[in-house]
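Chemist: What follows is a structure written as structure tokens; I'll ask about it next.
The values are calculated or read from the model by the stated rules, or taken from the named source; none is laboratory data. The structure presented is a predicted model; accordingly, all values stated were derived computationally and were not measured. Positions of Cβ are backbone-derived with ideal geometry, glycine not excepted, and every protein chain shown enters the neighbour counts.
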Amino acid sequence: MIFTSPLQEDSIKIMLLGSGELGKEVAIEAQRLGLEVIAVDKYENAPAHFVANRSHVIDMLDKDAVVALIEQEQPTYILPEIEAISIDALFEAEARGFHVIPNAEAVSKTMNRKNIRLFASEELGLKTSAYRFVKTLDELKRASEKIGFPCVIKPVMSSSGHGQSIAKSAIDIERSWEIAKEARGDASELIVEEFIKFDYEITLLTTRTEDETIFCEPIGHLQQDGDYILSWQPMPMSDIALEKAIEMAKTVTDSLGGRGIFGVEFFVREDEVYFSEVSPRPHDTGMVTLITQSQSEFAMHIRAVLGLPLNSIFYGYGASGAYKAKKASTNPKLDIPDTAFSADSFVRVFGKRESHVGRRMAISLALGDDVEDAKRRALEIINQMNDS
């Protein structure tokens with residue numbers, strides 16, 4: 001492959017549609033290979049804006065605005081990094097000859113929980129929890145009674161757990177209906193899911209090009225209100241369960257097609273594996289790979305986008321903990337102990353210029369003698385941090 005220099009007429013250019021902490025790491029990896037990076041988001045000074053060659057602020061749900069910017073910048077590759085993007089703009093970009101990663105159809109299917117659930121369950125025949133789709137409070141009440149309690153209620157379009165809740169009984173339904181309105185995306189339709197009494201859940205990072213598909217070590221994670229607070233790698237699991245997860249991940253990613261990394265989520269109960277969701281981009285739980293692998297999920301994503309060989313060395317047991325702001329501030333500061341920066345642990349600060357209670361501001365990363373040791377160390381760092 002011929003690698004170019006940025007800011008030249010023939011530069012290889014990637015456009016990030018979404019410039020949060022995950023997009024920032026993608027931009028850094030792209031810069032390491034001399035790619036020109038254009039970071040786009042709906043607000044100024046998003047994390048990836050600070051490490052990109054150029055940045056733009058637009059309404060990414062506005063088809064005309066997105067298409068106009070694509071035509072202006074002429075990117076080699078377009079990388080959707082969030083759900084709240086005009087899918088019509090991506091299809092239009094493809095029709096005009098631009099390369100969307102992995103492709104517009106895959107983004108369309110995965111950005112909407114209804115689309116991906118119907119695709120995985122009814123077209124591909126993957127094992128999933130029982131589910132219903134609803135648009136009104138009355139429909140939600142009826143669907144939850146059919147599914148049974150407890151049940152999980154989510155907007156069909158959202159991210160980082162926004163709008164998600166668990167209804168333990170009929171008394172909780174109206175509260176869940178109100179919580180769903182907090183979605184980052186489209187809350188006009190909800191999915192009501194059977195609550196699987198799983199032993200654990202995993203993210204299986206699956207990276208593919210036209211020539212190969214590889215799988216990272218499974219990542220275990222702990223979520224609160226649908227947003228991750230701790231992840232670790234590898235997740236101990238039986239060979240049978242892992243084989244099933246790999247087979248299902250390959251089935252769904254092969255069917256979606258294209259290049260890039262996919263975060264495929266599963267619920268696991270003993271040796272039974274249930275498909276949950278898939279994201280066609282780096283996954284927040286996968287930030288643990290910043291310390292556990294020679295090629296992080298972000299580096300592997302860029303490799304796949306460029307069609308380069310996919311390989312990585314796994315270093316060992318590791319964990320990542322999410323630090324969430326305790327205060328609201330327009331000039332947030334993080335107090336991090338020096339002990340966090342050791343030979344086998346460190347912190348990544350996202351550089352967000354505003355904080356609100358619960359906003360993810362940084363992560364801790366730690367290696368350990370085993371998974372439990374790594375988890376303990378990552379949480380210990382988070383618990384010693386503070387913000388002002």
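Chemist: Could you pull out the residue among GLY316, GLY358, GLY321 that is assigned to a loop (DSSP other than H, G, I, E, B) and either within 19 Å of the chain's Cα centre (by Cα) or modelled with pLDDT under 95 (or both)? Before the answer, list the steps.
Modeler: On the way: GLY316 fails: either within 19 Å of the chain's Cα centre (by Cα) or modelled with pLDDT under 95 (or both); GLY321 fails: assigned to a loop (DSSP other than H, G, I, E, B).
Of GLY316, GLY358, GLY321, the one residue that is assigned to a loop (DSSP other than H, G, I, E, B) and either within 19 Å of the chain's Cα centre (by Cα) or modelled with pLDDT under 95 (or both) is GLY358.
Chemist: In addition: State all residues of region 311-326 that are under 30 Å from GLU210 (Cα atoms) and surrounded by fewer than 19 Cβ atoms within 10 Å (Cβ to Cβ); if no residue qualifies, say none.
Modeler: Filtering region 311-326 down to residues under 30 Å from GLU210 (Cα atoms) leaves 311-316.
Within region 311-326, ASN311, ILE313, PHE314, TYR315, GLY316 meet the criteria.
Chemist: Of the residues in region 97-118, how many are modelled with pLDDT under 95, crowded, with 20+ Cβ neighbours inside 10 Å, hydrophobic (A, V, I, L, M, F, W, C) and not in a loop (DSSP other than H, G, I, E, B)?
Modeler: Final tally of qualifying residues: 1.
Chemist: With respect to ASP64, is the statement that it is outside any helix (DSSP H, G or I), at pLDDT 95 or above and either of a type outside the set (Phe, Trp, Tyr) or buried (at least 16 other Cβ atoms within 10 Å of the Cβ) (or both) true?
Modeler: Criteria not met by ASP64.
Chemist: Can I ask one more? Output yes when any residue across region 327-346 is out of contact with any His (no Cβ under 6 Å at 6 or more places or on another chain), buried (at least 21 other Cβ atoms within 10 Å of the Cβ), closer than 19 Å to GLY263 by Cα and assigned by TED's automatic domain parsing to the domain that holds HIS221, and no when none is.
Modeler: no
Chemist: Restricting attention to region 3-52, which residues are over 27 Å from GLY263 (Cα atoms) and in contact with an Asp or Glu (Cβ under 9 Å, 6 or more places away or on another chain)?
Modeler: Across region 3-52, the qualifying residues are THR4, SER5, PRO6, LEU7, GLN8, SER11.
Chemist: Moving on. May I ask you to verify whether ALA249 is surrounded by 19 or more Cβ atoms within 10 Å (Cβ to Cβ), more than 21 Å from the chain's Cα centre (by Cα), outside any strand (DSSP E or B) and on the phi < 0 side of the Ramachandran plot? Break it down stepwise before answering.
Modeler: Details: surrounded by 19 or more Cβ atoms within 10 Å (Cβ to Cβ): yes; more than 21 Å from the chain's Cα centre (by Cα): no; outside any strand (DSSP E or B): yes; on the phi < 0 side of the Ramachandran plot: yes.
In short, no.
Results for (1) outside any strand (DSSP E or B); (2) at pLDDT below 95; (3) among the basic types (Lys, Arg); (4) buried (at least 24 other Cβ atoms within 10 Å of the Cβ), shown as yes or no for each residue.
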residue	(1), (2), (3), (4)
ILE240	yes, no, no, no
GLY258	yes, no, no, no
SER276	no, yes, no, no
GLY286	yes, no, no, yes
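Chemist: Could you identify the single residue in ILE153, ILE147, ILE171, ILE191 that is in contact with a strand residue (DSSP E or B) (Cβ under 7 Å, 6 or more places away or on another chain) and over 30 Å from MET60 (Cα atoms)?
Modeler: Details: ILE153 fails: over 30 Å from MET60 (Cα atoms); ILE171 fails: in contact with a strand residue (DSSP E or B) (Cβ under 7 Å, 6 or more places away or on another chain); ILE191 fails: over 30 Å from MET60 (Cα atoms).
Sole residue among the options that is in contact with a strand residue (DSSP E or B) (Cβ under 7 Å, 6 or more places away or on another chain) and over 30 Å from MET60 (Cα atoms): ILE147.
Chemist: Would you point out the residue of region 67-96, among those that are surrounded by fewer than 22 Cβ atoms within 10 Å (Cβ to Cβ) and of a type in the set (Asp, Glu), that is nearest to the chain's Cα centre (by Cα)?
Modeler: ASP88
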